[in-house]
C-alpha cells in the first residue's frame, strides 16, 4: 500500500486506543511510517529538527501501536495507540488538544495537567 | 488566537462528537477556519480545487460543529462535529479511515459501506 506523501510527509493522527481521545497530530516520512509498523512504537519525522523522532524517546511516554489506519486518499494516517506514560503533550497534558476555541475567538483550557513537563523534559521537547 | 499556518493551511481533524470516531482530515485556510467558527459547519480549503469547500455542500452530509480545539503548537485543529448524513467519505463510508494496515503492509477494509456514493455524488467528490 503506497502512501501519498506531500513534500515527503504524511500527517499522522494519534488516537488513544482505549479512550478514543485524539492525542496529537504529527508527520511521518516513509521511514518513520515503516518504523512505526515494524517497531510498534509511533515514530514521526520532526520537521523542526529534521530527523526521525520516536515519540517519547526522552520522556519515556511512548505510544504503543495498536492499529494503523489509512484514509481513502492515502494521504493521512490514523494510529490507534496506547500511551505508555502520563501524557503526550510537552506542556504536561495527556492530549495536545487541551484547549477549546471560545465564541470570541479566544481559547480556554479544558483539561487538567497530568505531569510537570520540567521534570520530564530536560531539553528538547519530545 | 492566532493559527500557525503552513503554506497558508492548517490540518483539521474531524472527530464524531457522539462516537469519538475520527471521520476525516482536511485542511483549512484562515477563511475556512473563520467560516467554520461563524457558520457552525465544517469548512475546508480544497487543495485540489483551490477553493473553499463546505463539507457536505453537495452530498448534504454536513458536519455540524460542536467544539473546536487547537493543539499546543497552534498548528493543528480538532473539530468535534455531528455528521448530518450517512457518511463522511466519498467512497460511501462513515469515516475516511475505513481501512487498517495489515502486518504485510497491505490494507484491509474494517467498516461497512453506509451509502452508495453514486447516488450521492453527481460529479465532484465532496
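Is one or more of the residues making up the range B:110-117 under 25 Å from residue A:96 (Cβ atoms) and modelled with pLDDT of 95 or more? Checked against the condition, which is being under 25 Å from residue A:96 (Cβ atoms) and modelled with pLDDT of 95 or more, the range B:110-117 yields no hits at all.
Restricting to the range A:29-50, count the residues that are touching a helix residue (DSSP H, G or I) at 6+ places or on another chain (Cβ under 7 Å) and either touching a residue at least 40 places away in the same chain (Cβ under 8 Å) or closer than 15 Å to residue A:7 by Cα (or both).
In the first step, residues of the range A:29-50 are kept if they are touching a helix residue (DSSP H, G or I) at 6+ places or on another chain (Cβ under 7 Å); the result is A:42-45.
With either touching a residue at least 40 places away in the same chain (Cβ under 8 Å) or closer than 15 Å to residue A:7 by Cα (or both) added as a condition, the list becomes A:44-45.
Residues flagged as touching a helix residue (DSSP H, G or I) at 6+ places or on another chain (Cβ under 7 Å) and either touching a residue at least 40 places away in the same chain (Cβ under 8 Å) or closer than 15 Å to residue A:7 by Cα (or both) within the range A:29-50 amount to 2.
From the list B:63, B:37, B:52, exactly one residue is more than 15 Å from residue A:97 (Cα to Cα) and over 14 Å from the mean Cα position of the chain (by Cα). Which is it?
Details: B:63 fails: over 14 Å from the mean Cα position of the chain (by Cα); B:52 fails: over 14 Å from the mean Cα position of the chain (by Cα).
When all the criteria are applied, what remains is B:37.
Within the range A:72-82, the set of residues being assigned to a strand (DSSP E or B) and within 11 Å of chain B (Cβ to nearest Cβ) comprises A:77, A:78, A:79, A:80. Scanning the range B:72-82 for residues that are surrounded by 15 or more Cβ atoms within 10 Å (Cβ to Cβ) and within 14 Å of the chain's Cα centre (by Cα) returns B:76, B:77, B:78, B:79, B:80, B:81.
The set of residues from the range B:20-32 being within 13 Å of chain A (Cβ to nearest Cβ), within 13 Å of the chain's Cα centre (by Cα) and either over 19 Å from residue B:86 (Cα atoms) or part of a loop (DSSP other than H, G, I, E, B) (or both) comprises B:21, B:27, B:28. Screening residue A:35 against (1) in a strand (DSSP E or B); (2) more than 10 Å from every other protein chain (Cβ to nearest Cβ) leaves a single unmet condition, (1).
Okay, residues lined up against (1) closer than 19 Å to residue B:76 by Cα; (2) touching a residue at least 12 places away in the same chain (Cβ under 8 Å); (3) surrounded by 15 or more Cβ atoms within 10 Å (Cβ to Cβ); (4) more than 9 Å from chain B (Cβ to nearest Cβ):
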site: A:52; (1), (2), (3), (4): no, yes, yes, yes
site: A:70; (1), (2), (3), (4): yes, yes, yes, no
site: A:84; (1), (2), (3), (4): no, yes, no, yes
site: A:88; (1), (2), (3), (4): yes, yes, yes, yes
site: A:94; (1), (2), (3), (4): yes, yes, yes, yes
site: A:98; (1), (2), (3), (4): yes, yes, yes, no
site: A:103; (1), (2), (3), (4): yes, no, no, no
site: A:111; (1), (2), (3), (4): yes, yes, yes, yes
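Residue A:48 falls short on exactly one of the conditions (1) closer than 24 Å to residue B:24 by Cα; (2) surrounded by fewer than 20 Cβ atoms within 10 Å (Cβ to Cβ), and that condition is (1).
Summed over the range A:9-19, the residues that are part of a loop (DSSP other than H, G, I, E, B) and without any contact (Cβ under 8 Å) to a residue 40 or more places away in the chain give a count of 1.
When the residues of the range A:33-71 are filtered to those that are on the phi > 0 side of the Ramachandran plot and touching a strand residue (DSSP E or B) at 6+ places or on another chain (Cβ under 7 Å), the one that is modelled with the highest pLDDT is A:40. Please tell me if residue A:57 is within 13 Å of the chain's Cα centre (by Cα), more than 9 Å from chain B (Cβ to nearest Cβ) and part of a loop (DSSP other than H, G, I, E, B). Criteria met by residue A:57.
The set of residues in the range B:10-45 being surrounded by fewer than 24 Cβ atoms within 10 Å (Cβ to Cβ) and farther than 20 Å from residue A:11 by Cα consists of B:17, B:18, B:19, B:31, B:34, B:35, B:37, B:38, B:39, B:40, B:41. Taking the numbered list (1) buried (at least 17 other Cβ atoms within 10 Å of the Cβ); (2) within 14 Å of chain A (Cβ to nearest Cβ) in turn, residue B:6 passes all entries but (1).
The values are calculated or read from the model by the stated rules, or taken from the named source; none is laboratory data. Owing to the predicted nature of the structure, the values given are computational and were not obtained by experimental measurement. When we count neighbours, we look across all protein chains shown, and the Cβ atoms used for this are built from the backbone with ideal geometry, even at glycine.
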